[in-house]
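Single-structure report; data block below.
The values are calculated or read from the model by the stated rules, or taken from the named source; none is laboratory data. This is a predicted model, so every value here is computed, not measured. Glycine gets a Cβ as well: all are built from the backbone with ideal geometry, and neighbour counts include every protein chain shown. Keep in mind that these areas ignore ligands, DNA and RNA; they rest on the heavy atoms of the full protein, side chains included. Shrake-Rupley method; radii C 1.70, N 1.55, O 1.52, S 1.80 Å.
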Amino acid sequence: MSRIGFIGLGIMGSHMAANLVRAGHSVTGYDVVPAAVDRLAQAGGKPAADLAGAVDGAEVVITMLPDSPQVAEVVLGPNGVLAAVRPGVLLIDMSSIAPETSREIATAGAERGVRVLDAPVSGGEQGAIKASLSIMAGGDAADFEAARPIFEDLGRTIVHVGGHGAGQTVKAANQLMVAGIIGLVSEAIVLLEASGVDGERGLEVLAGGLAGNRILDLKSTTMLARRFEPGFRIDLHHKDMGIALASARAAGVALPLTGVVAQLVAAARAQGHGSLDHSAVLKVVEQLSAR
Ligand code: NAD
């Protein structure tokens, strides 16, 4: 059992924190949205009125926030995690953010004697609910082993992928693949329907062959029904495509398909669909053919 401070109780963090409570940890949570803190209290966690209250006495601090600026503010800010906790604490950022921000946080943590891991996740809201997330961790091996029991309460595929920031690079690779697959499933749906083929039957048989994939398994029903409640918001996937392209630039490599798919995600956002599920890329693909 660990004393855990949990910051960011949104679509993912709410379920992850609740799973840690169920696993027997003492979890104190904070979110800028009071209703999110109330939800944790109903799940058996301890509500905190502010950040300092959530991390007070914590052995482990977990952050699950939208993007790099929020993580930087919460961790590095004047009233942030590093200013509040004592040396020896393990800080695990499970948000999807820029690898260089993760490295900055690790360096600042080391100066304060705080151990830091970047450990973004994949598996979506269902993975968070079922504690079946894939967890890709960057940082020191000893810190990863210290965090492993907590990771095992949250996920199923748990891999130490390298040093600080490596978890975020793997997550960027995950996100470019997921967006690409959503784009291709969208194109398959548009082709099937425009050709007078039943989309449901078409996708059913595709799911059993070489084109089978998790997006088809998890999202084909809602995509065919044009139901796009999140899930994972277009706004957040747009952020991740920016991280993927910036990482490619930093690594000196060309990712042409990622560039095209990033523009589809950007178009969905520009058209006002930022708060819909990322499968709403289908709307853009349909619009290109005036469907
Ligand atoms: P979300 O927007 O639902 O949750 C983020 C939470 O952080 C919100 O409740 C928000 O109020 C809170 N927050 C923002 N700023 C804060 C601050 N300064 N202090 C305290 N709380 C603050 O987002 P989400 O879907 O839960 O995603 C969280 C992270 O996980 C993102 O980086 C996202 O890219 C990643 N992710 C999401 C999914 C998914 O399917 N939703 C899957 C894998 C990874």
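Can you pull the Rg over Rh of segment 149-188, Cα-only, Kirkwood?
Ratio of gyration radius to Kirkwood radius: 1.14.
Applying a 10 Å radius around every beta-carbon, put 129-135, 140-146 in order of their mean neighbour count, most first.
Peptide ranking by packing, descending: 129-135, 140-146.
Work out the P(r) tail for segment 34-84: percent of alpha carbon pairs separated by more than 12 Å, whole number.
In whole percent, the share of Cα-Cα pairs in segment 34-84 beyond 12 Å is 67.
What whole-number value in Å² describes the accessible area per residue of segment 1-54 for a 1.4 Å probe?
Working: 2360 Å² over 54 residues.
On a per-residue basis, 44 Å².
At residue 260 and residue 222, where each label point lies 7 Å from the Cα along Cα→Cβ, what is the point-to-point distance in nanometres?
With each label placed 7 Å out from Cα toward Cβ, I get 2.6 nm.
Tell me what the chain gives for mean residue ellipticity at 222 nm when only DSSP H runs of n ≥ 4 count, each as -39,500 (n - 2.57), the sum divided by the residue total, rounded to 500 deg cm²/dmol.
My calculation for the chain gives -16500 deg cm²/dmol from helical runs alone.
Principal axes first, then extents: for the Cα atoms of segment 19-144, list largest minus smallest coordinate on each axis, whole Å, largest first.
On the principal axes, segment 19-144 reaches 37, 30, 26 Å in Cα extent.
Please state the Cα pair-distance histogram of segment 6-70 with 5 angstrom bins from zero: what percent is in each bin?
Bin by bin from 0 Å, the calculated values are 4, 21, 34, 27, 11, 2, 0.
Would you kindly state how much longer the chain becomes between residue 132 and residue 173 on full extension, computed as 0.36 nm times their sequence separation minus their alpha carbon distance, in nm to one decimal?
Contour length minus Cα-Cα distance gives 12.8 nm.
Report, in order of residue number, the helices in the chain meeting two criteria: a C-alpha extent of 20 Å or more along the helix axis, and a mean Kyte-Doolittle hydropathy of at least -1.0; treat each whole DSSP H run as one helix.
Membrane-span-like by this criterion, though nothing is claimed about a membrane: 166-194, 234-251.
How far apart, in nm, are the 7 Å Cα→Cβ label points at residue 33 and residue 86?
Here the answer is 3.4 nm between the modelled labels.
Given an 8 Å cut-off on Cα distances and at least 6 residues of separation, report the relative contact order of the chain as a percent.
Relative contact order here is 13 percent.
Stretch residue 291-residue 195 to full length: gain in nm at 0.36 nm per residue minus the Cα-Cα span?
33.4 nm
Restricting to bridges with both residues inside the chain, how much of the DSSP beta-bridge set is antiparallel, in percent to the nearest 5?
Taking every DSSP beta bridge within the chain, about 15 percent pair in antiparallel fashion.
Provide, for q = 0.10, 0.13, 0.15 Å⁻¹, the log10 of I(q)/I(0) from a solvent-free Debye sum over equal Cα point scatterers in the chain.
Computed log10 I(q)/I(0) values: -0.55, -0.88, -1.12.
Which whole-angstrom value gives the distance between the alpha carbon centres of segment 80-101 and segment 218-273?
The two parts, judged by their Cα centres, are 26 Å apart.
Expressed as a whole number of Å, what is the distance separating the alpha-carbon centroids of segment 105-127 and segment 28-44?
Each part's Cα centre sits 21 Å from the other's.
What is the gain in length, in nm to one decimal, between residue 52 and residue 205 on full extension, counting 0.36 nm per residue of separation less the C-alpha to C-alpha distance?
Values: separation 153, 0.36 × 153 = 55.08 nm, distance 5.28 nm.
Full-extension gain reported as 49.8 nm.
What relative contact order, as a whole-number percentage, does segment 145-291 give when Cα pairs under 8 Å and 6 or more residues apart are counted?
Values: 138 pairs, mean separation 45.4, N = 147.
Rounded, it is 31 percent for segment 145-291.
Give me the percent relative contact order of segment 1-94, please, defined on Cα pairs under 8 angstrom at least 6 residues apart.
Worked out over segment 1-94, it gives 30 percent.
With +1 on each Lys and Arg Cβ and -1 on each Asp and Glu Cβ, and nothing else charged, work out how big the dipole of the chain is about its Cα centre, in Debye to the nearest 20.
180 debye
Take the eigenvalues of the Cα gyration tensor for segment 109-246, scale each by 5, and report the square roots as semi-axes in whole Å, largest first.
After diagonalising the Cα gyration tensor, the semi-axes are 35, 15, 12 Å.
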